[in-house]
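Peer 1: First the structure, then my questions, so here it is.
The values are calculated or read from the model by the stated rules, or taken from the named source; none is laboratory data. Predicted model, so just to flag it, every value in this text is computed and none were measured. Reconstructed Cβ throughout: ideal geometry from the backbone, glycine too, with neighbour counts over all protein chains shown.
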Amino acid sequence: MFNKPPRPPTTQIPSEDPLCGPSTPSPTPPPLPTGRGLRKKRATWKVLEQLPQPPTPLPDRASLPEHSLLVSSPVENAAQSVPSVTVRTSTNIFGVLREYSVMPSQDPEETASLNAMSDIPANRNDTPSRTSRLAPPHASIHTSSPHSPTTRNVTPSRTSRLAPPHASIHTSSPHSPTTSTAEDDITPFANWSTFALINWMWKGSKEKSHAEVDRLVQSVLLDPKFNALDLQTFSTSRETRRFDEALTSKKDGWMETDVLIQVPDGHSHRLPTDPPIATFVVPGLHRCSLMEVIRTIWSEETSSGFHYAPFKLLWQQDSGNIERLYGELYTTDSYLQAQETLRKSPGEPSCTLERVICALMFWSDSTHLASFGNAALWPLYLFFGNQSKYERCKPTSGACHHVAYIPKVSLLQMVLCIV
Amino acid sequence: MHSVWTLLMDEEFLKAYVHGSVICCADGITRRVYPRIFTYSADYPEKYVIVFIFS
């Protein structure tokens, strides 16, 4: 907040000061009470929660003596001294007042509002002032004519520190904001839409990058399907909540089941009359159906490079020697052996389809999710050995399939459960 | 961990393991596919959980 420092009362100014009126004898100050119990206690500013208040307005010109309103030329001023009359405003709640030797022709504090005094946003019901005449929140999507009334009040605040220098339009213009036209307000920009977008970009959060604003314009605002009328009841939190609900309702083949572990408790469980084996329930196993994953991946286009038949990879040296090369799962003896076993096994009756092996390669690794804390996941991944490792190991190939998320169990939990 | 694998090896998987599962592959040819597990990689801390050295 800002308040002008209170000027000393005129009663204490020496009488020879020409700016002040005739001094009055100062009254005798009442004797101040002394002592601890007599001290006057005052509530602090924070207790009172006093809001900053602008200086009180100047008194009405009609109530002042006529000669105090004279505006004399410099020559006349030098030739004769204009009798000065002290113009004093009443005090505001802090006791601050202003005193002029002549009646000023304009009062800069006249339109000051609470918003100009405080960093805290004031009540919206306050009368709009110069400092609150910012573009409304819906201004960036407003695509109507620039002559609409809302475009008249988009002059950036002169107290706005976030606005870049080139956006501080009109601060030195002789026109008052209320009389300026929209064409004046958007001066460096081609049209109001550009101005409103740049105004929005450089105010509020500073996290908006150039690329993101370009993306907003290209993918949203310039889309022919974009209609500003659709957004009249738009709420980001509500739409995000709706999106979350839609995501959580779609399970995508995932199942959540409890894992039952039978724990030895030192008792015999051979006879039917014996007590049942202690069972420990670990909740929260998320898993996919393995066959569902296999069926989905094998019928997708991404599996077009899969090897369905194993082979031996050999290298013939210059000397004629042949050497076996190992590198892929479908060139290993294990695969060849499994295929041979499958070939020898009796097939399904009346089935003439080619019988192939789906080589499953599992991988499991507990993953810490945070640098500090115990948040962790234990996923189970699935790769297909039918795919070349040069394709499979690319991070962008999408060859790693999540099959399960395994819950962790602590020994303490188990002991507590049994006891 | 073994209980988890009991859940993962469900009826459908065991049936496909023995009798195969008919899948129309990406090249348009329908094949009878038999799933086989070839590798099971894990780091040491996970592995000793798997082999019941430590829970």
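Peer 1: Has the range A:356-365 got at least one residue that is in contact (Cβ under 8 Å) with a residue 40 or more places away in the chain, over 20 Å from B:Ile23 (Cβ atoms) and under 37 Å from the mean Cα position of the chain (by Cα)?
Peer 2: yes
Peer 1: Let me ask another. Identify the single condition in (1) over 30 Å from B:Val4 (Cβ atoms); (2) in contact with a strand residue (DSSP E or B) (Cβ under 9 Å, 6 or more places away or on another chain) that A:Glu256 does not satisfy, given that it satisfies every other one.
Peer 2: In the conditions (1) over 30 Å from B:Val4 (Cβ atoms); (2) in contact with a strand residue (DSSP E or B) (Cβ under 9 Å, 6 or more places away or on another chain), A:Glu256 misses (1) alone.
Peer 1: Might you check whether a residue that is in a helix (DSSP H, G or I) and free of Cβ contacts under 8 Å to residues at least 12 places away in the same chain occurs anywhere in the range A:249-258?
Peer 2: Of all residues in the range A:249-258, those in a helix (DSSP H, G or I) come to A:249.
Still in the list and also free of Cβ contacts under 8 Å to residues at least 12 places away in the same chain: A:249.
Scanning the range A:249-258 turns up at least one residue that is in a helix (DSSP H, G or I) and free of Cβ contacts under 8 Å to residues at least 12 places away in the same chain.
Peer 1: Looking at the range B:9-45 only, could you name the residues that are buried (at least 18 other Cβ atoms within 10 Å of the Cβ) and at pLDDT below 85?
Peer 2: Passing the criteria: only B:Cys25.
Peer 1: Can you tell me which of (1) farther than 30 Å from B:Val4 by Cβ; (2) among the hydrophobic types (A, V, I, L, M, F, W, C); (3) surrounded by 12 or more Cβ atoms within 10 Å (Cβ to Cβ) is the one A:Phe243 doesn't meet?
Peer 2: Condition not satisfied by A:Phe243: (3).
Peer 1: OK, next. Collect the residues in the range A:370-392 that are within 13 Å of chain B (Cβ to nearest Cβ), surrounded by fewer than 16 Cβ atoms within 10 Å (Cβ to Cβ) and under 25 Å from A:Ser334 (Cβ atoms), keeping them in residue-number order. Break it down stepwise before answering.
Peer 2: Keep residues of the range A:370-392 that are within 13 Å of chain B (Cβ to nearest Cβ), which gives A:376-387, A:389, A:392.
With surrounded by fewer than 16 Cβ atoms within 10 Å (Cβ to Cβ) added as a condition, the list becomes A:376-377, A:389.
If the condition is that a residue be within 13 Å of chain B (Cβ to nearest Cβ), surrounded by fewer than 16 Cβ atoms within 10 Å (Cβ to Cβ) and under 25 Å from A:Ser334 (Cβ atoms), then A:Lys389 is the only one that fits.
Peer 1: Filter the range B:18-46 down to residues that are part of a helix (DSSP H, G or I) and closer than 30 Å to A:His368 by Cα, then give me how many there are. Don't jump to the end; show me each part of the working.
Peer 2: Taking the range B:18-46 as the starting set, the residues that turn out to be part of a helix (DSSP H, G or I) are B:18-19, B:44-46.
Filter again for closer than 30 Å to A:His368 by Cα, leaving B:44-46.
Of the residues in the range B:18-46, 3 are part of a helix (DSSP H, G or I) and closer than 30 Å to A:His368 by Cα.
Peer 1: Report, by residue number, each residue of the range A:313-334 that is more than 7 Å from chain B (Cβ to nearest Cβ) and surrounded by 13 or more Cβ atoms within 10 Å (Cβ to Cβ). Working first, answer last.
Peer 2: Taking the range A:313-334 as the starting set, the residues that turn out to be more than 7 Å from chain B (Cβ to nearest Cβ) are A:313-328, A:330-333.
A:Leu313, A:Glu328, A:Tyr330, A:Thr331, A:Thr332, listed by residue number.
Peer 1: Next up: For the structure I just gave you, tell me whether A:Pro283 is over 20 Å from A:Ala399 (Cβ atoms) and either more than 9 Å from every other protein chain (Cβ to nearest Cβ) or at pLDDT 85 or above (or both). Write out each step before concluding.
Peer 2: Working: over 20 Å from A:Ala399 (Cβ atoms): yes; either more than 9 Å from every other protein chain (Cβ to nearest Cβ) or at pLDDT 85 or above (or both): yes.
The answer is yes for A:Pro283.
Peer 1: Another question about this same structure. Within the range A:288-305, work out how many residues are modelled with pLDDT of 85 or more, more than 13 Å from A:Ala399 (Cβ to Cβ) and facing chain B (nearest Cβ under 7 Å).
Peer 2: Number of matching residues: 6.
Peer 1: What about B:Tyr34, is it in contact (Cβ under 8 Å) with a residue 12 or more places away in the chain, more than 8 Å from chain A (Cβ to nearest Cβ) and under 17 Å from A:Leu360 (Cα atoms)? Let's see the steps before the verdict.
Peer 2: Values: in contact (Cβ under 8 Å) with a residue 12 or more places away in the chain: yes; more than 8 Å from chain A (Cβ to nearest Cβ): no; under 17 Å from A:Leu360 (Cα atoms): yes.
No: the conditions fail for B:Tyr34.
Peer 1: Are there any helices (runs of 4 or more DSSP H) wholly within the range A:315-419 with 2 or more residues that are basic (Lys, Arg), over 30 Å from B:Ile29 (Cα atoms) and modelled with pLDDT of 85 or more, and if so which?
Peer 2: Filter on the range A:315-419 gives an empty set.
Peer 1: Identify, from the list A:Thr367, A:Thr352, A:Thr396, A:Thr341, the residue that is loosely packed, with under 14 Cβ neighbours inside 10 Å, β-branched (Val, Ile, Thr), within 30 Å of A:Val263 (Cα to Cα) and more than 8 Å from every other protein chain (Cβ to nearest Cβ).
Peer 2: Working: A:Thr352 fails: within 30 Å of A:Val263 (Cα to Cα); A:Thr396 fails: within 30 Å of A:Val263 (Cα to Cα); A:Thr341 fails: within 30 Å of A:Val263 (Cα to Cα).
Result of the check over A:Thr367, A:Thr352, A:Thr396, A:Thr341: A:Thr367.
Peer 1: Looking only at the range A:259-280, how many residues end up being more than 8 Å from chain B (Cβ to nearest Cβ) and in a strand (DSSP E or B)? Walk me through it before giving the result.
Peer 2: We begin by selecting, within the range A:259-280, every residue more than 8 Å from chain B (Cβ to nearest Cβ); these are A:262-280.
Filter once more, keeping what is in a strand (DSSP E or B): A:262, A:279-280.
Looking only at that region, the number is 3.
Peer 1: What do you reckon, is B:Leu7 facing chain A (nearest Cβ under 7 Å) and either in a helix (DSSP H, G or I) or closer than 17 Å to A:Thr296 by Cβ (or both)?
Peer 2: On the way: facing chain A (nearest Cβ under 7 Å): yes; either in a helix (DSSP H, G or I) or closer than 17 Å to A:Thr296 by Cβ (or both): yes.
Against the criterion (facing chain A (nearest Cβ under 7 Å) and either in a helix (DSSP H, G or I) or closer than 17 Å to A:Thr296 by Cβ (or both)), B:Leu7 qualifies.
Peer 1: Kindly indicate whether any position in the range A:272-290 is in contact (Cβ under 8 Å) with a residue 60 or more places away in the chain, of a type in the set (Gly, Ala, Ser) and surrounded by 12 or more Cβ atoms within 10 Å (Cβ to Cβ).
Peer 2: yes
Peer 1: Every residue in the range B:10-26 that is in contact with a strand residue (DSSP E or B) (Cβ under 9 Å, 6 or more places away or on another chain) and more than 7 Å from chain A (Cβ to nearest Cβ), please.
Peer 2: Passing the criteria: B:Lys15, B:Tyr17, B:Val18.
Peer 1: Checking the structure you have, find out if any residue of the range A:167-183 is among the acidic types (Asp, Glu) and either closer than 30 Å to B:His2 by Cα or at pLDDT 55 or above (or both). Before the answer, list the steps.
Peer 2: Taking the range A:167-183 and keeping what is among the acidic types (Asp, Glu), we get A:183.
Of the ones still in play, those that are also either closer than 30 Å to B:His2 by Cα or at pLDDT 55 or above (or both) are none.
Checking the range A:167-183: not a single residue is among the acidic types (Asp, Glu) and either closer than 30 Å to B:His2 by Cα or at pLDDT 55 or above (or both).
Peer 1: Can we say A:Ser299 is within 42 Å of the chain's Cα centre (by Cα) and under 22 Å from A:Tyr405 (Cα atoms)?
Peer 2: Values: within 42 Å of the chain's Cα centre (by Cα): yes; under 22 Å from A:Tyr405 (Cα atoms): no.
The answer is no for A:Ser299.
Peer 1: Looking only at the range A:76-91, filter to residues that are assigned to a loop (DSSP other than H, G, I, E, B) and at pLDDT 75 or above; which one of those is surrounded by the fewest Cβ atoms within 10 Å (Cβ to Cβ)?
Peer 2: Within the range A:76-91, the subset assigned to a loop (DSSP other than H, G, I, E, B) is A:80-86, A:89-91.
Restricting the remaining residues to those that are at pLDDT 75 or above gives A:89-90.
Working: A:Thr89: 17, A:Ser90: 11.
Per the criteria, the residue is A:Ser90.
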